[in-house]
1. Where does each of 22-34, 159-171 land if you order them by average Cβ count within 10 Å, highest first?
2. If you put +1 on each Lys and Arg Cβ and -1 on each Asp and Glu Cβ, how big is the dipole of segment 50-132 around its Cα centre, in Debye rounded to 20?
3. Nearest 20 debye, what's the magnitude of the dipole of segment 25-71 about its Cα centre given +1 on Lys and Arg Cβ and -1 on Asp and Glu Cβ?
4. Take each of the peptides 192-198, 7-13, average the number of other beta-carbon atoms within 10 Å over its residues, and list them starting from the highest.
Amino acid sequence: MEMEGIEFTIIVPVFNEEENLLRLESELSAFLQIALVPSRVLFVNDGSTDNGQEIIELICQRNEAFSYISLLNNCGLSAAIKAGIDYCDSPYVGYIDSDLQTSPEDFNLLLEHRKDFALVTGMRQNRKDSFVKKMSSKIANNFRRFMTKDDAEDTGCPLKVIETSYAKKMPFFKGMHRFIPALTLMLNGKVKQVPVRHFPRIAGEAKYHLFNRLTGPFLDCFAYRWMKKRYIDYEISKQG
């Protein structure tokens, strides 16, 4: 995907969120008018089985700054984010969940720091989630910090700005999206955390519940530790 002068691409992973798509169009369009840098939107349809693809195509037809890719099957959030990263070529890339529990406007809070950090990630304040959801996230975050030593307070916050050169070098594995701060540090990039707003879900259904909020992150931590010990990186010193 190439659009001249675009500095920032917002990836929006979508799986069965047809009830939220028109509101996404409205809020993201409003953000593009006030964004600190020229920006565009990339929907990644992760194998939705509702009418989402048709709505996404209509949105992209009437908005020049919107485009999409559609995965053949439902592959999960990490795969959708990685597909978006692989597809875009702007200097910076970010993502936001399609449930709009975070606001696109808050991207500007993150973009202010883009030149000084490889990753700028949001920290949700005054979370508008259920007690069970907040507690399961807290437990998972604490265990992940213990395993990765990344010091990220809220790695699950779906509001991030990443220097694309770092994003493209991140090793891909299931659950990758939970480890973006740890992976950035592994690549010797600097990370900054910025408080952002949080809102209740208005439409659609949450895709995570108590079981996959705890067991998935628990198992993925061991996958991350295994991968980190075996990760190979290199720099070319000379060529001719």
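Read the figures in this text as sums done on the coordinates, not as results from a lab. These numbers come from a predicted model, not from an experiment. As a convention, Cβ positions derive from the backbone with ideal geometry for all residues, glycine included, and neighbour counts pool all protein chains shown.
1. Listed from highest to lowest mean packing, they are 159-171, 22-34.
2. 260
3. 200
4. 7-13, 192-198
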